[in-house]
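Chemist: One structure follows; several queries about it will come next.
The values are calculated or read from the model by the stated rules, or taken from the named source; none is laboratory data. Please read these numbers as outputs of a predicted model, since none were measured by experiment. Neighbour counts run over all protein chains shown; Cβ positions are idealised from the backbone, glycine included. Ligands, DNA and RNA are stripped out before the accessible areas are found, and what is left, the full protein with its side chains, is counted by its heavy atoms. Shrake-Rupley method; radii C 1.70, N 1.55, O 1.52, S 1.80 Å.
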Amino acid sequence: DTAVSQTPKYLVTQMGNDKSIKCEQNLGHDTMYWYKQDSKKFLKIMFSYNNKELIINETVPNRFSPKSPDKAHLNLHINSLELGDSAVYFCASSLRTPAGEQFFGPGTRLTVL
Amino acid sequence: AQSVAQPEDQVNVAEGNPLTVKCTYSVSGNPYLFWYVQYPNRGLQFLLKYITGDNLVKGSYGFEAEFNKSQTSFHLKKPSALVSDSALYFCAVPSSNTGNQFYFGTGTSLTVIP
């Protein structure tokens, strides 16, 4: 049983296109996240949702729009893709407590040509 | 603001030797500190955490970490390195005021040489 799953695993697309990445967790967690890992492996939080409500929205372009239809899903939609959006995007989930560890999905490698 | 620092981008160690991956922290209040590992082309996996209590924390795969309040450090250790320990290691600390948003260190790439 996969705890946190993401689809697709790889995404190759042209500049200007719109794409979505889906994330699902079956851990019963109430908080989900999107992270971006760049080519230098730096990991940066993009969004955090608790019980379907946005609680963190770091400084990301508004071309990125997260959507949480329910507590188990957090999707990421990206409009007008740019070369600089190429990265690995990780979904994660946890219980909302500072002591709670996060569980990560396998990542989606996005390449914008 | 909460933050962690990993001073070494790369650590090399011979198989069978002890390994240490360093992390220092800057937090307000009592720190919660975490270590995660990322194997190639995989997501991050939780290794261990310090919440309170014993300064020596034991985690997965034989790893442990020592919380040192006077040196504000939380170094990851293992007595005998395996080639399979080669991976990217991240230290992390949760935000103090936004639930458990994590601030991750810049990562340390560990290579265990056979």
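Chemist: Scattering from the C-alpha atoms of the protein assembly as shown alone, worked out with Debye: what is log10 I(q)/I(0) at q = 0.09, 0.12 1/Å?
Modeler: Computed log10 I(q)/I(0) values: -0.37, -0.65.
Chemist: Continuing with the same structure: Can you give me the accessible area per residue for chain B, using a 1.4 Å probe, in Å²? Intermediate results must be reported in sequence, preceding the final value.
Modeler: Working: 5220 Å² over 114 residues.
With the other protein chains kept in place, chain B gives 46 Å² per residue.
Chemist: Are there residues in the stretch A:80-107 whose accessible area shrinks by at least 50 Å² when all protein chains are included rather than the chain by itself, and which are they (probe 1.4 Å, ligands and nucleic acids not counted)?
Modeler: The answer is A:Pro98, A:Ala99, A:Glu101, A:Gln102, A:Phe104 - residues whose exposure falls by at least 50 Å² when every protein chain is included.
Chemist: Using a 10 angstrom Cβ neighbour count of at most 15 plus a DSSP loop assignment to flag exposed trypsin sites (Lys or Arg not before Pro), which longest range of chain B is free of such sites? Walk me through the numbers before you get to the answer.
Modeler: On the way: sites that count: B:Arg42, B:Lys69.
Longest gap between qualifying sites, sites excluded: B:70-114.
Chemist: Distance from the Cα centre of the stretch B:26-57 to that of the stretch A:1-73, in angstrom?
Modeler: A separation of 22 Å, based on Cα centres.
Chemist: To continue, here is another question. Run the quick spin-label model on A:Glu53 and A:Thr7: label points 7 Å from Cα toward the beta carbon, then report their separation in nm to one decimal.
Modeler: Spacing of the two 7 Å Cα→Cβ label points: 3.1 nm.
Chemist: Using a probe radius of 1.4 Å on heavy atoms only, what accessible surface per residue do you get for chain A? Whole Å² is fine. Can you show the working numbers first?
Modeler: Details: 5540 Å² over 113 residues.
Value for chain A: 49 Å² per residue.
Chemist: Another one. For the stretch B:60-71, just list the computed ³J(HN,Hα) in residue order, Karplus coefficients 6.51, -1.76 and 1.60, θ = phi - 60°, integers in Hz, with x standing in for Gly and Pro.
Modeler: 6, 6, x, 7, 9, 9, 10, 7, 10, 5, 5, 9
Chemist: Also, quick follow-up: In the stretch B:25-47, which residues give up 30 Å² or more of accessible area once the other protein chains are added, compared with their chain alone (1.4 Å probe)?
Modeler: Flagged in the stretch B:25-47: B:Tyr32, B:Tyr36, B:Gln38, B:Asn41, B:Gly43, B:Leu44, B:Phe46.
Chemist: Using just the alpha carbons, could you tell me how many Å³ per residue the convex hull of the stretch A:4-103 encloses? Show your work: numbers first, answer last.
Modeler: Details: hull volume 9.8 nm³, N = 100.
About 98 Å³ per residue, rounded to a whole number.
Chemist: Considering only protein heavy atoms and a probe of 1.4 Å, how much of the accessible area of the protein assembly as shown is carbon and sulfur, as a whole percent?
Modeler: Values: 5360 of 10760 Å².
For the protein assembly as shown, the apolar C and S fraction of the accessible surface comes to 50 percent.
Chemist: Before we go on, tell me the buried accessible area for the A/B pair, both chains summed, 1.4 Å probe, in Å² to the nearest 100. Numbers along the way, then the final one.
Modeler: Values: alone 6430 and 6130 Å², together 10760 Å².
The buried area between A and B, both sides summed, comes to about 1800 Å².
Chemist: Near A:Leu110, within a Cβ-to-Cβ distance under 10 Å, what is the net charge of the other residues, with Lys and Arg +1 and Asp and Glu -1? Intermediate values should be presented prior to the final figure.
Modeler: Values: positive: A:Lys19, A:Lys36, A:Arg109; negative: A:Asp85.
Residues close to A:Leu110 contribute a combined charge of +2.
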